[in-house]
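A quick write-up on the structure given underneath.
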Amino acid sequence: MSLLKIELLGADVLRQKAVDVPTPGPELDRLVADMFETMYEARGIGLAAPQIGLSQRLIVVDVKEDGHAPMALLNPVVAEFRGRQEKYEEGCLSIPGISGHVDRPEACVVDALDQQGNPVRIEADGMLARCLQHEIDHLDGILFLDRLSPIKRNMLLKKYRKLAKED
Ligand SMILES: [Zn+2]
């Protein structure tokens, strides 16, 4: 396995709508293993393929909660949003050092293919629902910053640029 380079805010691939759905097989298995390793190394709970420079509809998620095994999903789509809007703090491996409170539905149903290409339906709430929505957003070129008010977004962008300069 090997660590992959995580693309940061400003990279075009983070703003593209991914259209390709990966094909199950040994190549995908290797990619998924590398994505998990990269995510764990960066102490994240989710990673989408565009974040490692691949414009493909693929995400890996491990919220490390009881009852939720790590999962790799191909072509995930939110089939249904459920529950109330909830605010919760989110960060992103592609925008390190900043976080913001994002409003999202508290639960959702996600349809996808598993790593072997079999259809799966996931009824998620709590952290898993949030993480899935955040990662699926990445496949459409959407970042959590886009879901904040313009004032909050600009504040965080300023902070991010300052942090980036100090590095
Ligand atoms: Zn992210």
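A short reminder: the numbers here are calculations on the coordinates, not readings from a lab. Owing to the predicted nature of the structure, the values given are computational and were not obtained by experimental measurement. Methodologically, a virtual Cβ is constructed for each residue, glycine included, from the backbone with ideal geometry; neighbour enumeration extends over all protein chains shown.
I'd like to verify something in the chain: which complete DSSP H helices, judged by Cα projection on the helix axis, reach 20 Å or more and average at least 0.0 on the Kyte-Doolittle scale? Could you put the intermediate results ahead of the total?
Values: long enough: 26-41 (22 Å, -0.34); 126-139 (21 Å, 0.02); 150-166 (24 Å, -1.11).
Length and hydropathy pass: 126-139.
So how far, in whole Å, is the C-alpha centre of region 125-167 from the one of region 62-105?
Centre-to-centre (Cα) distance: 11 Å.
From the Cα trace of the chain, what convex hull volume per residue do you get, rounded to a whole Å³?
Convex hull of Cα atoms, per residue: 110 Å³.
Rounded, prolate or oblate: which one fits region 77-161, using the alpha carbon gyration tensor with axes a ≥ b ≥ c (rounded when a/c is under 1.5, else prolate when a/b beats b/c, else oblate)?
On the way: a/c = 2.75, a/b = 1.76, b/c = 1.57.
It comes out prolate by the Cα gyration axes.
Residue separation times 0.36 nm, minus the C-alpha to C-alpha distance between ASP66 and ASP125: what's the value?
Length gained, ASP66 through ASP125: 20.0 nm.
Could you work out how far apart the two model spin labels at MET155 and SER99 are, taking each label as a point 7 Å from the Cα in the direction of the beta carbon, and quote it in nm?
1.6
Determine which residues of region 139-160 fall in the zone a paramagnetic label at LEU8 would reach in this model, i.e. backbone nitrogen under 13 Å from the point 7 Å along Cα→Cβ.
It comes to 160, nothing else.
When the helix-only estimate is applied to the chain (DSSP H runs of n ≥ 4, each -39,500 (n - 2.57), divided by the residue count), what is the mean residue ellipticity at 222 nm, nearest 500 deg cm²/dmol?
The helix-only estimate for the chain comes to -9500 deg cm²/dmol at 222 nm.
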